[in-house]
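This report refers to the structure that appears directly beneath it.
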């Protein structure tokens, strides 16, 4: 005696219409199981030039860095007027969250982690200042001012000289003191 | 009525077998499950209450909670004028039940406050190593096929205070309240990435929000193509502003910061962008002074939410110990509870619909007769991960960083009924 399920296993006579309808069913099935196949494709093409004022991402190899340049000497006035109230006269900060200079990863006790002692990439300093600083008016600095402020913060940490010019070419070449201090765990997912 | 003598002990210091929660005679467990209470004559007088003597307000366009539950709220720190809009608020885990966090109580962590985004002026851009850079409006995205998933979200700084040398006098909320759980509905990220056409050489996706900080995080492409969502709805309603309205990235099981809110850009890149929040922050310095980076999955973890820190047991008798468990690696398979500081353990009852990277509620009966007790819970997930002790985390990772703490939580119950956070 066949159970209801077993009855589906009985051979059926193949006909051309049946084969065609089966193929159509399979095609529909595959289109619904592929994640993108049923999407309506409503994205509008955009060009790189359209995004030039929108895409703020700076990669560690310097890609994305805008035109412009600046030195620490120029950056001091930017720092005094736009950064110092939170970060202190010499980058010493007014809290553990705003200290920019000092510390050593090899110190006794918990290390003070700052731009100088901890940050592995100079490009991150530029990227972060441009997208998020000053905290009360983010994105209000010009690209030149961001280069200048970046240079001044690196100068306070003894990483660049006072008159060293930072631009899209020189910034990615700066070797940060803790650049070898990180272990990539992104393979653990 | 089940007499206390018939309760099957499951572990030391009063833990009762979880089977007594399965409709086997302890229905009123939390309230009046002692024969002594039932044998006393009730002195209550029953009258028709005033609210039964008049009609109440009619239907409304938007519901409000009872004024009698107005004390339930998030715990937010004081505003820092030097960090406008920054900071966090914590979910009142000890005041909630089940596994779904109400949207109004979901924890928050902001880096430049909550932006007021008009969806008509918001775009989601996909660019970088793609065949064609694309922009999607909010209305565009509403037309895409969506999926719903129940997932926890946990800030990687959650519970980090337990790495301190001395146990803080805290609550389940103040110590562990940076975890919440919701049903997230949205578009598979893979759907949009396939439309843009991922180019060879792309291996990361840099996600950026539209808040004042334009906060960014880099997501490995393998994860992005797997289970990451562009979430548009939370528990059925459009995502609230503090959770990323009109859209957020949602990265199941991973540290909360990578689920970028107010999502406005996804850039395909060959490597991570090394944003501030994946270098200076959200990295873990080890005792040897190297730091691990891109430590994504949240650990296998649990916490007892009742009884918990700063609660007070007001009577002797039967209690229901309950809490939540979760794992960024998979589903919770087991939660054990101890009432004697970890000397003996009993399996708790797990209560959950879907527990893959979601909160799971656990419960177990406990007899308290005024004795000193230390309550702990220990979770195991379906990948075999077991929640570690605080000591083993300290031995393994030290305490130079406070992220990704998932050790056992110990709550001490004193003879006077008070409950406090302790280390064992």
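What follows draws every value from the coordinates through simple rules; no lab data is involved. The shown structure was predicted, so the numbers you read here are calculated from the model rather than taken from an experiment. Don't worry about glycine lacking a Cβ; one is built from the backbone with ideal geometry, like all the others, and counts go over all protein chains shown.
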Review point. Taking the Cβ-Cβ separation of residue B:66 and residue B:392 as r and a Förster radius of 60 Å, what is the calculated FRET efficiency to the nearest 0.05?
Key: 0.85
Revision key, fill the gap. Stretched fully, the stretch from residue A:112 through residue A:179 gains (0.36 nm per residue minus C-alpha distance, one decimal, in nm) 22.5 nm
Review point. For the protein assembly as shown, what mean projected area does the convex hull of the alpha carbons give, in nm²?
Key: 38.1 nm²
Exercise for review: Using R₀ = 60 Å, calculate the FRET efficiency as 1/(1 + (r/R₀)^6) where r is the Cβ-Cβ separation of residue B:147 and residue B:314; round to 0.05.
Suggested key: 0.85
Exercise for review: Find the eigenvalues of the gyration tensor of the Cα atoms of the stretch B:88-198, then list the square roots of 5 times those eigenvalues as equivalent ellipsoid semi-axes, largest first, in whole angstrom.
Suggested key: 35, 16, 14
Check your understanding: What full-extension length gain, to one decimal in nm, is calculated for residue B:424 and residue B:344 as 0.36 nm per residue of separation minus the Cα-Cα distance?
Key -> 27.4 nm
**Study point:** Average silhouette area of the stretch B:355-424, convex hull of alpha-carbon atoms, in square nanometres
**Key:** 6.3 nm²
Point to revise | Relative contact order of chain B, defined on C-alpha pairs under 8 angstrom at six or more residues apart (%) | key: 18 percent
Revision key, fill the gap. At the level of C-alpha centres, the distance separating the stretch B:177-246 and the stretch A:42-62, in angstrom, is 18 Å
Practice item. Classify the stretch B:301-422 as rounded, prolate or oblate, taking a ≥ b ≥ c as the square roots of the eigenvalues of its Cα gyration tensor: rounded when a/c is under 1.5, otherwise prolate if a/b is larger than b/c and oblate if not. Key: oblate
Exercise for review: Can you check what the Kirkwood hydrodynamic radius comes to for the stretch A:69-173, Cα pairs only, in Å to one decimal?
Suggested key: 13.6 Å
Exercise for review: Would you please give the FRET efficiency between residue A:54 and residue B:6, computed as 1/(1 + (r/R0)^6) with r the Cβ-Cβ distance and R0 = 56 Å, to the nearest 0.05?
Suggested key: 0.20
Exercise for review: Assuming a ≥ b ≥ c are the square roots of the Cα gyration tensor eigenvalues, decide whether chain B counts as rounded (a/c under 1.5), prolate (otherwise, with a/b larger than b/c) or oblate.
Suggested key: prolate
Practice item. Once you have the Cα-Cα distance between residue B:132 and residue B:270, take 0.36 nm times their residue separation minus that, and quote the gain in nm to one decimal. Key: 48.0 nm
Review point. Using only helices, what value at 222 nm comes out for chain B when you add -39,500 (n - 2.57) per DSSP H run of length 4 or more and divide by the total residues, to the nearest 500 deg cm²/dmol?
Key: -2000 deg cm²/dmol
Exercise for review: For the stretch B:170-259, report the convex hull volume of the alpha-carbon atoms normalised per residue, in Å³, without decimals.
Suggested key: 117 Å³
Review point. With each label point set 7 Å from Cα along the Cα-Cβ vector, what nm distance links residue A:44 and residue A:61?
Key: 3.2 nm
